[in-house]
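Shown next, in structure tokens, is the structure this report addresses.
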2 protein chains.
Amino acid sequence: MSGPVLEPTPDPLAVSSDVETAVLAAAVRARGAAHELAVATRAAKDAALEAMAEGLVTASAEILAANAEDVRAAQQAGTPEAIVDRLRLDRSRIEGMADGLRQVAGLPDPVGEVVRGSTLPNGLELRQVRVPFGVVGIIYEARPNVTADAAGICLKSGNAVLLRGSSSALRSNQAIVTALRRAAASAGVPEDAVQPVPGEGHQPAKVLMRARGHVDVLIPRGGAGLIRSVVQESTVPVIETGVGNCHVYVDAAADLDMALAIVLNSKTHRPSVCNAAETLLVHAAVADTFLPRVAQALQDEGVTVHGDETFQRQPGVVAATDDDHDAEYLSLDISAAVVPSLEAAVDHIRVHSSGHTEAIVTDSQEAARRFVAAVDSAAVMVNASTRFTDGGEFGFGAEIGISTQKLHARGPMGLPEMTSTKYVVTGQGHTR
Amino acid sequence: MSGPVLEPTPDPLAVSSDVETAVLAAAVRARGAAHELAVATRAAKDAALEAMAEGLVTASAEILAANAEDVRAAQQAGTPEAIVDRLRLDRSRIEGMADGLRQVAGLPDPVGEVVRGSTLPNGLELRQVRVPFGVVGIIYEARPNVTADAAGICLKSGNAVLLRGSSSALRSNQAIVTALRRAAASAGVPEDAVQPVPGEGHQPAKVLMRARGHVDVLIPRGGAGLIRSVVQESTVPVIETGVGNCHVYVDAAADLDMALAIVLNSKTHRPSVCNAAETLLVHAAVADTFLPRVAQALQDEGVTVHGDETFQRQPGVVAATDDDHDAEYLSLDISAAVVPSLEAAVDHIRVHSSGHTEAIVTDSQEAARRFVAAVDSAAVMVNASTRFTDGGEFGFGAEIGISTQKLHARGPMGLPEMTSTKYVVTGQGHTR
């Protein structure tokens, strides 16, 4: 343990240059650890992950004690119970974190995979090989389980990680990181491969965002506000994740029973996550039949329907504004509109979507083709719930987040998405 | 032709909000064109590229007249002749641009390629498909041929492009863009797929850099200063290109004849490009034999050797500073140092390299393995010249630049690197 960085900043009024020095020092230590990790064998990394899983379980008492303090502080500060609940750990949640680490240990190592390779006409042997990014920064909100998940995925993909959780989870995160570092070191992996970002308040995250050259990639995980601020302020390359204003479009040629099941599942299966549907679009040709059914069924499940004028003719539907069409509710609310055509649905999606997931329900091959071609989102579902956009569902085994940007990775990000590549070119004295 | 955007800003003192409005309006038109291009067939895109090639040749007189004005203005402003030369066009350079467009027409279409696909255990069919980014911004310096090259690569990969060349090439670029747009439109591709960024001075580029949501990717092509400023100021995702402080390391186990040939080729074959070598590192074990030969041979080719103390014992070698080790000379200069070990060479590279290309010359399998594993650059050469890091040499057919960043693309960027992907998931009413 290089202890000092885990202790709270002694002087809360410390000038920013002290914070900067501490954060950059952590990044420099991470770089050193990354150099070691980049050449570590899969066996060594998996042994460390198993040790880290065991370490979490062994440290349960400390972690739960630290978490209880965070929870008490949050409650005293009047934090809404839903957020306190995301913060709260128990033995089963710690077991869940440990299981996650073991699962990552069981996945193939992305590092060293040859992505493309050939022998050039002049005899040069060209290989494009997966390599770690190096140092990854994760800035995330309340849930302390992200600490273990992110550490595991980064370690397996050969990256050192700098973790910046929210201050409300500071004690929990520190207890988790302490256990992970101790376990990693016991398995021969440098403890500085997993580090908290030192310091309090907003300053350390700002230093992290400006640490271009020291930090290779920054991944914000949390609400739209957090992600927007990282994207705006960061000079380090960012992978934008997770804001989902997902649409379900019920086509003129839809099987309406299937459509009803998909709408209900997309909206109500787990309303608080990014792949839940937030907007329902219905083709005018099926509105008369479908609107009474879907409006009633959604309300039976406790959903408030924010509808356009046509939807408002259904009992209980409230009026939607344009803000509703842009909203990522993350709650039992849905905006709803009738559209005159598939193209109008696509236009609506282009204006309002966050580019996460859109679904079409249709029996028409041609409608599906046009929708899939025209909708530019990370995932497009045909006759399936938006809830399937998920690393676990896609079979990736582990997921660091769902990218909603177009650069590098788009959609659920597994281990390969946590790597870069390099070209290795072997000759026998080749010159031009 | 949507004429106004191609005309010079009427009032050079126009307030920035006018510039912003004009640039964003161009981006909005580009988005519309991108929607059409995204679903254009390869045949339609190739026909447009052929028409654009023909259009350039047909417009030769206008292009050369516009270029002559740029050249005259540059000369009157006292611009160095080397830069004026990069600016200057002639019939053969125009033919070269046209040939480039025809070559791109002959390449496979990256859009629609299925990168990965499987049927999930629950029967969902998962496909990851290449799609265009959408709207790409290119900010580049003097060479007007970039205008045609970038337009061709972007169009083939389904992207609309906003081109911001340097003001010294304004008239040349406008003449080229006018010819390209006219030809594209004649072949049925929206002319707004290729647009200049309107307005004068630095303001329009700054608007482009802040146009997140309107512009999907920004690619700066030019000197280190340009690239640094785009990286620092842009909220649009950037692909960093081309700064190369490339190293050649001559190992203890090197074939010294091969080493000499590779050093000379890497340094002198074309000193002004990013994959030219700028630093030579020699293992101490071969210094006595190799230094006299390499110092003499480099100087025979007109190269100034900026050496460390050991190198300075050779006649004609001048003293190197740390600035020399960081320099991207792009000229007949090389910094040179003796290192006690392969690990010391790797450490030197880690401190000074720009992450472009490093080469090792060695007959030792083990030395090559250690060097390749430890050096974290876009390309690592074993017994080959650094000059091979090039889209053409790698067989990509066309190249938009060489990425030196780790996100998205690293190394030479061909057509596939100008795309994103999306997941298309097809079910039969699947819900969770």
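Summary of values
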{"quantity": "Close pairs (7 angstrom Cβ cut-off, 6 or more residues apart or separate chains): at pLDDT below 95 in region A:262-283, surrounded by fewer than 24 Cβ atoms within 10 Å (Cβ to Cβ) anywhere", "calculated": "A:P271/A:L330; A:P271/A:S331; A:P271/A:L332; A:S272/A:L330; A:C274/A:G242; A:C274/A:V243"}
{"quantity": "The one condition in (1) exposed (fewer than 12 other Cβ atoms within 10 Å of the Cβ); (2) touching a strand residue (DSSP E or B) at 6+ places or on another chain (Cβ under 7 Å) that A:D90 fails to fulfil", "calculated": "(2)"}
{"quantity": "The one condition in (1) crowded, with 22+ Cβ neighbours inside 10 Å; (2) under 30 Å from B:L24 (Cβ atoms) that B:G223 fails to fulfil", "calculated": "(1)"}
{"quantity": "Only one of B:A379, B:A384 that is at the interface with chain A (Cβ under 10 Å from one of its Cβ atoms), closer than 19 Å to B:T241 by Cα, buried (at least 23 other Cβ atoms within 10 Å of the Cβ) and aliphatic (A, V, I, L, M)", "calculated": "B:A379"}
{"quantity": "Conditions (1) without any contact (Cβ under 8 Å) to a residue 60 or more places away in the chain; (2) away from chain A (no Cβ under 11 Å); (3) touching a His at 6+ places or on another chain (Cβ under 7 Å); number of the one not met by B:I349", "calculated": "(1)"}
{"quantity": "Close pairs (8 angstrom Cβ cut-off, 6 or more residues apart or separate chains): of a type in the set (D, E) in region A:148-169, assigned to a helix (DSSP H, G or I) anywhere", "calculated": "A:D149/A:M97; A:D149/A:G100"}
{"quantity": "Within region A:119-143, considering residues that are more than 12 Å from chain B (Cβ to nearest Cβ) and in contact with a Gly (Cβ under 7 Å, 6 or more places away or on another chain), the one farthest from A:I400 (Cα to Cα)", "calculated": "A:E141"}
{"quantity": "Verdict on B:A73 being under 24 Å from the mean Cα position of the chain (by Cα) and either assigned by TED's automatic domain parsing to the domain that holds B:A148 or not in a loop (DSSP other than H, G, I, E, B) (or both)", "calculated": "no"}
{"quantity": "B:K406 modelled with pLDDT under 95, within 11 Å of chain A (Cβ to nearest Cβ) and under 30 Å from A:N275 (Cβ atoms)", "calculated": "yes"}
{"quantity": "Filtered residue count, region A:223-238, keeping only those that are within 8 Å of chain B (Cβ to nearest Cβ) and among the β-branched types (V, I, T)", "calculated": "3"}
{"quantity": "Qualifying residues in region B:38-84 (those that are of a type in the set (D, E, K, R) and surrounded by 13 or more Cβ atoms within 10 Å (Cβ to Cβ)) - the one nearest to B:L155 (Cα to Cα)", "calculated": "B:K45"}
{"quantity": "Residues within region A:264-277 that are at the interface with chain B (Cβ under 10 Å from one of its Cβ atoms) and crowded, with 19+ Cβ neighbours inside 10 Å, tallied", "calculated": "4"}
{"quantity": "Residue within region B:293-308 that is more than 17 Å from B:L342 (Cα to Cα), among the aliphatic types (A, V, I, L, M) and within 13 Å of another protein chain (Cβ to nearest Cβ) present", "calculated": "no"}
{"quantity": "Filtered residues of region B:296-335 (kept if under 27 Å from the mean Cα position of the chain (by Cα), of a type in the set (G, A, S) and surrounded by 18 or more Cβ atoms within 10 Å (Cβ to Cβ))", "calculated": "B:A327, B:S335"}
{"quantity": "Output for region B:412-432, where each listed residue is touching a residue at least 60 places away in the same chain (Cβ under 8 Å), assigned to a strand (DSSP E or B) and more than 7 Å from chain A (Cβ to nearest Cβ)", "calculated": "B:M413, B:T419"}
{"quantity": "Residues of region A:389-403 that turn out to be among the small types (G, A, S) and within 12 Å of another protein chain (Cβ to nearest Cβ), as a count", "calculated": "4"}
{"quantity": "Count of residues meeting criterion [part of a loop (DSSP other than H, G, I, E, B), aliphatic (A, V, I, L, M) and over 24 Å from the mean Cα position of the chain (by Cα)] in region A:76-122", "calculated": "2"}
{"quantity": "Unique match (being assigned to a loop (DSSP other than H, G, I, E, B) and at pLDDT 90 or above) among A:A253, A:A259", "calculated": "A:A253"}
{"quantity": "Cβ pairs under 7 Å, 6+ apart, first in region B:170-181 and free of Cβ contacts under 8 Å to residues at least 40 places away in the same chain, second crowded, with 22+ Cβ neighbours inside 10 Å and part of a helix (DSSP H, G or I)", "calculated": "B:N173/B:T147"}
{"quantity": "Residue in region B:395-406 that is polar (S, T, N, Q) and more than 20 Å from the chain's Cα centre (by Cα) present", "calculated": "no"}
{"quantity": "Options A:S157, A:S166: the member that is surrounded by fewer than 23 Cβ atoms within 10 Å (Cβ to Cβ), closer than 25 Å to A:L24 by Cα and within 17 Å of the chain's Cα centre (by Cα)", "calculated": "A:S166"}
{"quantity": "Residue in region A:354-361 that is at negative phi, without any contact (Cβ under 8 Å) to a residue 12 or more places away in the chain and not small (G, A, S) present", "calculated": "no"}
{"quantity": "Some residue of region B:55-68 being modelled with pLDDT under 95, of a type in the set (A, V, I, L, M) and either assigned to a helix (DSSP H, G or I) or not assigned by TED's automatic domain parsing to the domain that holds B:L208 (or both)", "calculated": "no"}
{"quantity": "Residue in region A:247-262 that is buried (at least 24 other Cβ atoms within 10 Å of the Cβ), under 24 Å from the mean Cα position of the chain (by Cα), away from chain B (no Cβ under 11 Å) and not basic (K, R) present", "calculated": "yes"}
{"quantity": "Matching strands (runs of 3 or more DSSP E) fully within region B:126-238 where at least 3 residues are of a type outside the set (G, A, S) and within 23 Å of B:N275 (Cβ to Cβ)", "calculated": "B:135-140, B:217-221"}
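The values are calculated or read from the model by the stated rules, or taken from the named source; none is laboratory data. This is a predicted model, so every value here is computed, not measured. FYI the Cβ positions are ideal-geometry reconstructions off the backbone, even for glycines, and counts take in every protein chain you see.
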